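FYI, it's all coordinate maths here, none of it is from the lab. Since the model is a prediction, treat every value here as computed from it, not as a measurement. Cβ placement follows ideal geometry from the backbone for every residue including glycine, while neighbour counts extend to all protein chains displayed.
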Amino acid sequence: MLPKIDGVCFTDTMNAVETWHAEALATRAVEALKKNGFEAIYLPTGKDAADWIERLVSPGMVVGIGGSTSLREIGIKDRVAARGGKIVDHSTPGLSPEEKMATMRAELTSDLFLSSSNALTLTGELFNVDATGNRVASLTFGPKKTVVVVGHNKIVADVAEAESRARLVASPMNNKRLAYKNPCVETGVCVDCRQETRICRIYSVLRRRPMLSDFTVIVVGERLGY
Ligand code: SF4
């Protein structure tokens, strides 16, 4: 039996409060992104984000995908394929090293590049940590259009907190997901290692929309990725 407060289910109240808070933070982040020159929108669910992106895709369009748990969670590859888009994704299983490098280069010049971000600040900046640099390169210059999908769980106060989030949450979890044997997989937090397999090599902040870019950030009112 779920606990009730004044006849209201406690779990329902918690969900309503969390939904309110997610939307409140997301709305602030969207307004800050707009001030920084990005197109930015708030959508309540990952499905809404996939619906929005799907409408951009036309048959034959080259759609690059920056390795992203958030995009996997919203099922974007199936949506793009269903619209006849040509997916270029370096994280596709079974690629040889040469094919992987060629795919990363193709992502740079895609018609539409899709990615998430490791953190989004309430002052409208996108923060990312990368290993090879292909993802932050594509976010910086190259694709005809870029769409970044960020769950509300990645919203932080400022760039300092964004870096803390990367060290505490995103990077250790990505190491675990990718099965690297870096020390953070044991400690759960970054210890600024010197391993050959260190995946944290490039730290990028987009403080304003890159000049000449067509760049949209979708902030989602659900948890996506990490
Ligand atoms: S710098 Fe090393 S220890 Fe820190 S998160 Fe990256 S891989 Fe892990």
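Among R209, R194, R135, R201, what is the fewest-to-most ranking by other Cβ atoms within 10 Å?
Working: R209 21, R194 7, R135 27, R201 10.
Listed from fewest to most nearby Cβ atoms, that is R194, R201, R209, R135.
For the pairs K154/K176; K144/K176; K35/K154; K86/K144; K77/K144; K35/K145, note any where the Cα-Cα span goes beyond 21 Å. If you can, show how the numbers build up before the last one.
Numbers: K154/K176 18 Å; K144/K176 33 Å; K35/K154 19 Å; K86/K144 15 Å; K77/K144 19 Å; K35/K145 19 Å.
In this structure, K144/K176 exceed 21 Å between Cα atoms.
How large is the charge dipole for segment 92-143, taken about the Cα centre, if only the Cβ atoms of Lys, Arg (+1) and Asp, Glu (-1) carry charge, to the nearest 20 debye? Present the calculation step by step, with values, prior to reporting the outcome.
Working: 3 positive and 6 negative charges, 9 e Å.
The dipole magnitude comes to about 40 debye.
Going highest first, how would you order 153-166, 85-98 by mean Cβ packing within 10 Å?
Details: 153-166: 18.8, 85-98: 14.1.
Per-residue mean Cβ counts within 10 Å order the peptides as 153-166, 85-98.
Please give the contour-minus-distance gain from K181 to R201: 0.36 nm per residue of separation, less the Cα-Cα distance, rounded to one decimal in nm.
Numbers: separation 20, 0.36 × 20 = 7.20 nm, distance 1.60 nm.
Here the segment from K181 to R201 would lengthen by 5.6 nm.
Please list, or write none, the aspartates and glutamates whose alpha carbon is within less than 18 Å of the alpha carbon of K181, excluding same-chain residues fewer than 8 places away.
D130, D192, E196
With a Förster radius of 22 Å, plug the Cβ-Cβ distance of S58 and L95 into 1/(1 + (r/R0)^6) and report the FRET value to the nearest 0.05. Write down the numbers at each step before the final one.
On the way: r = 26 Å, r/R0 = 1.16.
Calculated transfer efficiency: 0.30.
Label-point separation (nm) for N15 and E31, each offset 7 Å from Cα along Cα-to-Cβ?
Inter-label distance under the simple model: 2.9 nm.
Tell me, what HN-Hα J-couplings in whole Hz come from the Karplus equation 6.51 cos²θ - 1.76 cosθ + 1.60 at θ = phi - 60° for each residue of segment 80-92, using x for Gly and Pro?
5, 4, 5, 8, x, x, 9, 7, 10, 9, 5, 8, 4
Determine which aspartates and glutamates satisfy two conditions relative to K47: a Cα distance under 19 Å, and not lying fewer than 8 residues away in the same chain.
Filter leaves E18, E23, E73, D78, E222.
Between M173 and T140, what length in nm is gained on full extension when 0.36 nm per residue of separation is reduced by their alpha carbon distance? Could you put the intermediate results ahead of the total?
Working: separation 33, 0.36 × 33 = 11.88 nm, distance 2.43 nm.
That pair, M173 and T140, stretches by 9.4 nm at full extension.
Is the C-alpha gyration tensor of segment 1-93 telling us rounded, prolate or oblate? Criteria: a/c under 1.5 is rounded; beyond that, a/b larger than b/c is prolate, otherwise oblate.
prolate
Could you pull out every residue, at least 5 positions away or on a different chain, whose amide H is within less than 5 Å of the one on S116? Hs are placed 1.01 Å off N in the peptide plane, and Pro or chain starts have none.
Answer set, sorted by chain and number: V149.
May I ask for the net charge around G142, where only other residues with Cβ less than 10 Å from the Cβ of G142 are counted and Lys, Arg are +1 while Asp, Glu are -1?
That sum, taken over residues with Cβ under 10 Å, equals +1.
Could you give the DSSP H helices of the chain that reach 15 angstrom or more along their long axis (alpha carbon positions) and whose average Kyte-Doolittle hydropathy is no lower than -0.5? Could the numbers behind the result be given before it?
Values: long enough: 10-35 (38 Å, -0.20); 97-108 (17 Å, -0.83).
Span-like helices here: 10-35.
Charges only on Cβ, +1 for Lys and Arg, -1 for Asp and Glu: so what's the dipole of segment 73-214 about the Cα centre, in debye to the nearest 20? Provide the component values of the computation, followed by the final result.
Numbers: 21 positive and 16 negative charges, 33 e Å.
Using only the charged Cβ atoms, the result is roughly 160 debye.
For segment 162-226 and segment 115-155, compute the distance between their C-alpha centroids and round to whole Å.
Measuring centre to centre over Cα atoms gives 10 Å.
Any idea what the dipole of segment 1-145 comes to, in debye rounded to 20, about its Cα centre with Lys/Arg Cβ at +1 and Asp/Glu Cβ at -1? Don't jump to the answer; show the numbers that get you there.
Working: 16 positive and 18 negative charges, 78 e Å.
About 380 debye.
Name the residues of segment 198-219 whose amide N is less than 19 Å from a point 7 angstrom out from the Cα of T109 along the C-beta direction?
213-214
Can you put E107, E54 in order, fewest other beta carbons within 10 Å first? Don't jump to the answer; show the numbers that get you there.
Numbers: E107 26, E54 15.
Ascending number of Cβ neighbours within 10 Å: E54, E107.
When the distances between all Cα atoms of segment 83-226 are binned every 10 Å from zero, what whole-number percent does each bin get?
Distribution as computed: 11, 38, 38, 12, 0 percent.
Expressed in nm to one decimal, what extension gain is obtained for the pair L122 and C193 from 0.36 nm per residue of sequence separation less their Cα-Cα distance? Could the numbers behind the result be given before it?
On the way: separation 71, 0.36 × 71 = 25.56 nm, distance 2.91 nm.
Result for the pair: 22.7 nm of gain on full extension.
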